[in-house]
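Novice: Please see the structure below; I have some questions.
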Amino acid sequence: MMGLAFPCLEILQLETSTACNMNCHYCDYHHDSCVAYNYQMPLPLVEKIVSQLEECETVRRVQPWLAGEPLLEPRMPEIVEIVRKYCRDAEIVFFTNATVYEKRDMLMLADQVEVTVSAATPETYMRVHGKPYLDRVVKTVEWLEAQPNHPEIHLRIVLTERNLHELEAWRRQWSRFERFENVATGLLANKWRPAAGLELNSEVKQVREGRFSQQGRAPCLFWNLAAVNVFGDLYQCCSAVNNIHGNLNRMSFEEAWRRRVASGRNTETCRVCPVRVY
Ligand SMILES: C[S@@+](CC[C@H](N)C(=O)[O-])C[C@H]1O[C@@H](n2cnc3c(N)ncnc32)[C@H](O)[C@@H]1O
Ligand code: SF4
Ligand code: SF4
């Protein structure tokens with residue numbers, strides 16, 4: 001069975017485009033004005049990668065974005081078509097800032113949509129995300145939930161010292177959805193410690209409880225995730241982007257993934273990683 005060729009692999013994350021319209025202050029990728037660069041993964045490379053996973057039974061999710069905003073990827077309908085052709089049993093999940101209201105139709109392509117909105121008031125939204133777009137997010141979410149057969153909708157907050165005080169208001173505002181509350185990992189790695197009692201990361205909790213991975217206990221949040229950048233480099237994970245195990249233009253997915261699994265998390269980033277479970 002081909003699935004055995006890719007141990008630990010459950011999520012494929014492809015950086016189809018780097019475009020983003022925001023500069024969230026906690027973002028690992030776009031701290032500054034992010035219109036400065038905009039690269040795209042060529043569609044033949046998208047197809048080359050996903051076609052190698054056609055028989056892989058363990059890939060249960062494909063995320064066709066990484067350091068960017070999926071609503072700003074004009075080729076998303078074609079990308080989704082390619083992914084569905086090969087990874088027939090995998091769900092397609094978008095994480096989105098939901099601010100590009102005019103492109104909202106694109107959200108209907110996904111099986112699941114995770115909306116990141118890290119504030120409950122316009123003032124704090126501006127301080128965290130760098131743009132005055134909270135009303136657009138609310139409008140997009142209300143539009144999406146009004147669509148027949150809309151994808152499952154989840155809400156996400158990334159917590160920092162700038163928005164912690166709005167956590168309760170945020171929970172009330174979005175109480176009708178399943179929610180994920182994560183602490184900014186970059187800040188954590190830099191020794192920031194939020195107030196005691198705060199659940200550090202709702203997904204890490206799932207990993208700890210063995211609910212995250214279907215292949216046994218995962219050692220960290222992103223161990224089961226293959227993250228590939230626009231140029232075809234397979235990262236250690238979406239968090240450890242300085243560690244590259246191979247380029248998928250030149251190497252098979254299987255070989256690069258084998259190298260990654262063999263790496264055993266012996267990197268500087270892994271050593272201090274805040275979403276490491278053991
Ligand atoms: C990089 S974004 C890409 C998708 C989309 N632009 C968005 O913001 O939802 C994916 C997710 O990573 C989160 N994220 C970015 N930087 C983070 C950090 N330092 N710590 C934790 N989560 C972070 C974002 O808030 C978002 O939920
Ligand atoms: S919207 Fe997403 S990709 Fe863009 S800056 Fe914010 S977290 Fe980063
Ligand atoms: S321990 Fe390493 S591989 Fe695991 S999530 Fe952290 S940086 Fe990524």
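Novice: How large is ³J(HN,Hα) for each residue in segment 97-109, as worked out from phi by the Karplus curve 6.51 cos²θ - 1.76 cosθ + 1.60 (θ = phi - 60°), to whole Hz, x for Gly and Pro?
Specialist: 7, 6, 9, 8, 4, 5, 9, 4, 3, 4, 5, 5, 6
Novice: Another question, if that's okay. Mind putting a number on the dipole of the chain about its Cα centre? Charges go on the C-beta only, +1 for Lys and Arg and -1 for Asp and Glu, and I need it in Debye to the nearest 20.
Specialist: Around 720 debye, computed over the chain.
Novice: So which lysines pass the test for residue 139, namely a Cα distance under 24 Å, with those fewer than 8 places away in the same chain ruled out?
Specialist: Straight-distance partners of residue 139: 103, 131.
Novice: Here is a follow-up. Mind checking which of 63, 82, 262 is farthest towards the positive end of segment 2-271's charge dipole, using Cβ charges of +1 (Lys, Arg) and -1 (Asp, Glu) about the Cα centre?
Specialist: 262
Novice: In what sequence do 22, 126, 76 fall when counting other Cβ within 10 Å, fewest first?
Specialist: Ascending number of Cβ neighbours within 10 Å: 126, 22, 76.
Quick note: the coordinates plus some simple rules give every number you see, no bench work behind them. What you see is a predicted model, and the numbers here were worked out from it, not measured in a lab. Counting neighbours? That spans all protein chains shown, and the Cβs are built from the backbone with ideal geometry, glycine included.
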